[in-house]
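First up is the structure itself, then whatever we jot down about it.
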Amino acid sequence: MLLLALLGIVDGTVLLESTQKPLHHATVVIPALQRITETGDDGRFEFKDVPQGRYDIIAHASGLTDTRKTIEVNDRTTVNFAVKLMVVRQEIT
């Protein structure tokens, strides 16, 4: 008897917190699976064939703070969510 891994899809949108507008070309990573993708012009991303389980997912864009979110992927389900990135502020003294 073959044991088949139960897989799901993780998709969502990366938004810029200050404007709530989609952020294109942001990097989205699931470190535990060594999976990486980039958002499209509409800020959307997708990972297919994600084994069920609990994962941290990180969104990154140059000049902005990273956002980390923990997700739960169940058998053959799609997990939708939006992550927000905030502009990094530096104070020069």
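Reported count of residues in segment 10-28, each being surrounded by fewer than 19 Cβ atoms within 10 Å (Cβ to Cβ), on the phi < 0 side of the Ramachandran plot and not hydroxyl-bearing (Ser, Thr, Tyr), is 6. Looking at Leu64, Leu7, Leu33, which one is surrounded by 14 or more Cβ atoms within 10 Å (Cβ to Cβ) and touching a Leu at 6+ places or on another chain (Cβ under 7 Å)? When all the criteria are applied, what remains is Leu64. Residue pairs whose Cβ atoms lie under 6 Å apart, separated by 6 or more positions or on different chains, with the first residue in segment 8-23 and closer than 10 Å to Lys84 by Cα and the second polar (S, T, N, Q) and surrounded by 19 or more Cβ atoms within 10 Å (Cβ to Cβ), are Val14/Thr39; Pro22/Thr13. Residues that are out of contact with any Asp or Glu (no Cβ under 9 Å at 6 or more places or on another chain) and open to solvent by 70 Å² or more (accessible area, probe 1.4 Å) within segment 36-47 comprise Ile36, Glu38, Asp41, Asp42, listed in sequence order. The lone criterion from (1) within 14 Å of Leu7 (Cβ to Cβ); (2) modelled with pLDDT of 85 or more; (3) surrounded by 14 or more Cβ atoms within 10 Å (Cβ to Cβ) left unmet by Val79 is number (2). If the condition is being loosely packed, with under 14 Cβ neighbours inside 10 Å and without any contact (Cβ under 8 Å) to a residue 60 or more places away in the chain, then segment 67-76 contributes Arg68, Thr70, Glu72. Taken over segment 50-61, residues that are open to solvent by 50 Å² or more (accessible area, probe 1.4 Å) and under 15 Å from the mean Cα position of the chain (by Cα) amount to 3. Annotation: of all residues in segment 28-55 being touching a strand residue (DSSP E or B) at 6+ places or on another chain (Cβ under 7 Å) and charged (D, E, K, R), the one that is nearest to Val14 (Cα to Cα) is Arg44.
Select from segment 9-39 the residues that are touching a Pro at 6+ places or on another chain (Cβ under 9 Å) and under 14 Å from Asp56 (Cα atoms) and list them in ascending order.
Hit for segment 9-39 is Leu33, nothing else.
The values are calculated or read from the model by the stated rules, or taken from the named source; none is laboratory data. Values in this document were obtained by computation on a predicted structure and should not be read as measured data. Heads up, the Cβs are rebuilt from the backbone with ideal geometry, glycines too, and the neighbour counts pull from every protein chain shown. The accessibility values were calculated without ligands, DNA or RNA, using every heavy atom of the protein model including side chains. Shrake-Rupley method; radii C 1.70, N 1.55, O 1.52, S 1.80 Å.
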